[in-house]
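Accompanying notes for the structure given below.
The values are calculated or read from the model by the stated rules, or taken from the named source; none is laboratory data. Predicted model only: the values in this text are computed from it and were never measured. Heads up, the Cβs are rebuilt from the backbone with ideal geometry, glycines too, and the neighbour counts pull from every protein chain shown.
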């Protein structure tokens, strides 16, 4: 038969630990490292190297450079995270990729050497909202995976020349460029290192 006094003592100790947890977390936050770096890959950012600034334990600001393998870019954002070993997060970011020739990617993937005029100068802006998990030691090293949706905006470059080359028999022509917006699933994964 269980000792009721021992069970009550165990419950009291558990309750005291749960009450003390937020206070302990707040004290630990005073010694948190506030400057870190991150390396990640995903879409639509491509590969990225990011500097992280964490003024409080649950919030960080981030900004860095990106590449979609044909041109450089930059991004900035903020993340809300639970400062624990397994941390649910909400990440919001915006970014820009400078103009690049995506025919190089098509050639590598498809093996075709043909040139598409619409892919010669592709630049785009994006905004992303992701949720995810970060796992590790919140004051030293974390691995993460985020997923959600992105809004990508771009504008054609060379639409008139493309139409002239593809449909010259139809007499199609334009002097204006087209604008496009795409909402699509997106994701990224990477590593975080807290330094100072």
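Can you find a residue that is without any contact (Cβ under 8 Å) to a residue 40 or more places away in the chain, in a loop (DSSP other than H, G, I, E, B) and on the phi > 0 side of the Ramachandran plot anywhere in segment 104-112?
Yes: segment 104-112 contains one or more residues that are without any contact (Cβ under 8 Å) to a residue 40 or more places away in the chain, in a loop (DSSP other than H, G, I, E, B) and on the phi > 0 side of the Ramachandran plot.
One line per residue, one yes/no per condition, for (1) surrounded by 13 or more Cβ atoms within 10 Å (Cβ to Cβ); (2) modelled with pLDDT under 95; (3) in the same structural domain as residue 59 (by TED's automatic domain parsing); (4) more than 16 Å from the chain's Cα centre (by Cα):
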| position | (1), (2), (3), (4) |
| --- | --- |
| 133 | yes, no, yes, no |
| 138 | yes, yes, yes, yes |
| 147 | yes, no, yes, no |
| 150 | yes, no, yes, no |
| 158 | yes, yes, yes, yes |
| 164 | yes, yes, yes, yes |
| 171 | no, yes, yes, yes |
| 175 | no, yes, yes, yes |
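A count restricted to segment 62-88 and to residues that are in contact with a helix residue (DSSP H, G or I) (Cβ under 9 Å, 6 or more places away or on another chain), over 17 Å from residue 36 (Cα atoms) and surrounded by fewer than 17 Cβ atoms within 10 Å (Cβ to Cβ) stands at 1.
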